[in-house]
Amino acid sequence: MALVCGIPHERFAELYWKLRPPYDRGDIDGPAYWTAVVGQQELGLSRDQIATLIKLDSESITRPNQGAVQWAKLLHHEGFSLTLLSNMPLELSRHVTKSFPSLSTFEYLIYSCDYGSIKPELAIYRNCLELLKAAPQDILYLDDRAENVEVAARLGINSVLFETVEKTASRVESRFDIPVPSYGRCRQSSSQYSSTNRRPDRMESD
């Protein structure tokens, strides 16, 4: 993408993320976003170049975390309702939905572009609670960005920072009574819940 834009990689990465929020929020479309990116360098793009950039950007998510995918399948099999919450622009979100069959385990796919708000803005979390018709304490939220976890926690949502599947599973297991993967084995949730290990009704992840 940097090559198509004609911008050095380091500077491109800076502009890509700096100008991303309005695009992820749905305030602007793909052509407007890419025009803004190269505009910072006083450059221009043809229609074909813009189409190429949108395609490359959409295809940039090609390898989902297989450990996380297997965990989601386990939770789905155990009867947990799963929701995906992600910052994505329209073009990327539609490509992801179409390209990854594993997303069929999720009851809801909540993309920022469809709600006019991005993480870590409070509005997107409130939209989730309204859509799910669930109390914050009945949700377990996993996210790989600390600021997103902190904002969700402020609303009373059980929130855990996602790092590796192993580390995250350990954190979840210590606080909640839900199935977690563990070195190829899965600890099944027990039928008796202690006062320290709660069982959220829904799982929400980035």
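Please treat every number below as a calculation from the coordinates, not as lab data. Given the structure is predicted, the values throughout are model-derived calculations rather than measurements. As a convention, Cβ positions derive from the backbone with ideal geometry for all residues, glycine included, and neighbour counts pool all protein chains shown.
Identify the residues of region 130-168 with backbone N under 16 Å of a label point that sits 7 angstrom from the Cα of residue 100 along the Cα-to-Cβ direction, or state none.
Those under the cut-off are 142-145, 162-165.
Report the local net charge at residue 61: Lys and Arg +1, Asp and Glu -1, summed over other residues whose C-beta lies under 13 Å from its C-beta.
0
Report, in whole Å, the centroid distance computed from the Cα atoms of region 76-153 and region 9-62.
23 Å
At a threshold of 8 angstrom on Cα-Cα distance, excluding pairs fewer than six apart, so keeping six or more, what relative contact order does the chain reach in percent?
19 percent
Using a Förster distance of 25 Å, how high is the FRET efficiency between residue 27 and residue 63, based on the Cβ-Cβ distance and rounded to 0.05?
0.30
For the chain, with a Gaussian network of springs between Cα atoms less than 10 Å apart, report the residue from 172, 38, 149 with the top mean-square fluctuation.
Its mean-square fluctuation being the largest, the pick is 38.
Starting from the Cα-Cα distance between residue 20 and residue 163, subtract it from 0.36 nm times their residue separation and give me the gain in nm to one decimal.
49.2 nm is the gain from fully extending residue 20 to residue 163.
If you count the DSSP beta bridges with both ends in the chain, what percent of them are antiparallel, to the nearest 5?
For the chain, the DSSP antiparallel bridge percentage is about 15.
Less than 10 Å Cβ to Cβ from residue 117, Lys/Arg counted +1 and Asp/Glu -1: what total charge do the surrounding residues give?
0
Amide H to amide H, which residues 5 or more places from residue 162 or on other chains are under 5 Å from it, using H placed in the peptide plane?
The list, which skips near neighbours in sequence, is 143, 144, 145.
Among 160, 74, 122, whose Cα lies farthest out toward the positive end of the dipole of the chain, if unit charges sit on the beta carbon of Lys, Arg (+1) and Asp, Glu (-1)?
Projecting each Cα onto the dipole axis, the largest value belongs to 74.
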